[in-house]
Amino acid sequence: MAEGARLDPWEPALRLEYDKLFKYFGVKPFGEVLDRVRRVFGEPHYLMRRGVIFAHRDFDVVLDAYERGERVAVVTGFMPSGRFHVGHMMVVEQLKYYQKLGFKLFIVLADAEAYAVRKLDRREIIDVALNEYVANMIALGLDLSRNVTIYFQTNYEREYYRLIQMLSRKVSMAEMRAIYGELEPAKVVAALTQAADILHPQLEAFGGYKYIVVPVGAEQDPHLRLTRDLADRFERELGLRRPASTYHKLVSGLDGLKMSSSRPDYAIFLTDPPEVAARKLRRALTGGRASVEEQRRLGGVPERCVVYELYVYFLVRDDRELARVYEECRGGRLLCGPDKDYAVELLVKFLEEHQRKLERARNLVERFVEPPKF
Ligand code: TRP
């Protein structure tokens, strides 16, 4: 495989080249299943309609299973390594959608990975997982009391750990290197742990066979390739089958590169005081032209505008409103200044409301998940 074709789930490029996924790894465009989604699920999720969820593996298999009334579940995970930002929120929005459709949810708090690979402090990780991740999920309206299993990787059931150990037998270091590049034991364990996260819901101990879909950022696809191979190799022994997956684009940071908690000036956190978030947003990169005169004449370029991206990802939920802003910008009638005023207004309103809910949510966290002792 060409070196450039490799994706590193632990160090994704500052700008992911999504085409690679189709070209080298055989994922399918999500657009191809949109009509079936509409027929089977009803209205597609707004991130599906807008092309943010842009690719999949075997999603058609899940649609078939759902249509036949079989048991279906979603597995996804969060690495509690930094504050919860609007990129994480996008995954929670997808979980809400699947929950409404009747999918069981398995939500992984990847504390083992954060410790071993990111080398963070245990107490810090646990605190962030509870007060940033779980609290924000609740505040965003995910109902953790309804058909949801949420767990820390270091504090779960014995059959899950047994599965990690068994998986280790059927993969070689050469295969691991072909997928991930050179890797140390921490990453080997993290990869097998993630495979168990994705596959364990099919085991008898967790209710028996069910179809699985994994909604993740595109940089996680290497883990899915490993997991699918492992499922094949354990089909006879454990009855495991390949999971399906969907891939979303990563939200850009306010400077146009990757949004990440390690670059706080360019991220919007759900706990940012509204005036702080507003200040950051005002400095965001837009698709504006060199001068007002030029912009009136040529129009702006929403495709290259971080503010427009935020509308698409979460600030504007109504498709017609989104189309209106797009057209006004393209037509040179909406300039970046007034447009940012509008975005700031939406963002501040959202954060104020959300943070009120967050306060209440923080008291509920330990009802739903048991934190590890150390
Ligand atoms: N590795 C993922 C991340 O960095 C977290 C994760 C752990 C995960 N287990 C998972 C994601 C299972 C999806 C499914 O964000």
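All of Ile125, Ile138, Ile107 fail the test of being within 12 Å of the ligand (Cβ to nearest atom) and aliphatic (A, V, I, L, M), apart from Ile107.
From the set of residues in the range 1-22 that are among the aromatic types (Phe, Trp, Tyr) and either part of a loop (DSSP other than H, G, I, E, B) or at pLDDT 95 or above (or both), which is surrounded by the most Cβ atoms within 10 Å (Cβ to Cβ)?
Kept after step one, since they are among the aromatic types (Phe, Trp, Tyr), are these residues of the range 1-22: 10, 18, 22.
Checking which are either part of a loop (DSSP other than H, G, I, E, B) or at pLDDT 95 or above (or both) leaves us with 10, 18.
Numbers: Trp10: 17, Tyr18: 15.
Top of the filtered list is Trp10.
Looking across Leu281, Leu334, one residue alone is in contact (Cβ under 8 Å) with a residue 60 or more places away in the chain and not assigned by TED's automatic domain parsing to the domain that holds Pro44. It is Leu281. Residue pairs whose Cβ atoms lie under 8 Å apart, separated by 6 or more positions or on different chains, with the first residue in the range 205-223 and charged (D, E, K, R) and the second more than 15 Å from the ligand (Cβ to nearest atom) and part of a strand (DSSP E or B), are Lys210/Val72.
The residues of the range 136-195 that are among the polar types (S, T, N, Q), buried (at least 18 other Cβ atoms within 10 Å of the Cβ) and closer than 22 Å to Ala116 by Cβ, listed by number, are Gln153, Thr154, Thr193, Gln194.
So, of the residues in the range 146-175 that are in a loop (DSSP other than H, G, I, E, B) and within 19 Å of Val75 (Cβ to Cβ), which turns out to be farthest from the ligand (Cβ to nearest atom)? Once the filter is applied, the top-ranked residue is Arg146.
The values are calculated or read from the model by the stated rules, or taken from the named source; none is laboratory data. Please read all numbers here as calculations on a predicted model, not as lab measurements. For neighbour counting, all protein chains shown are included, and Cβ atoms are generated from backbone atoms with ideal geometry for every residue, glycine included.
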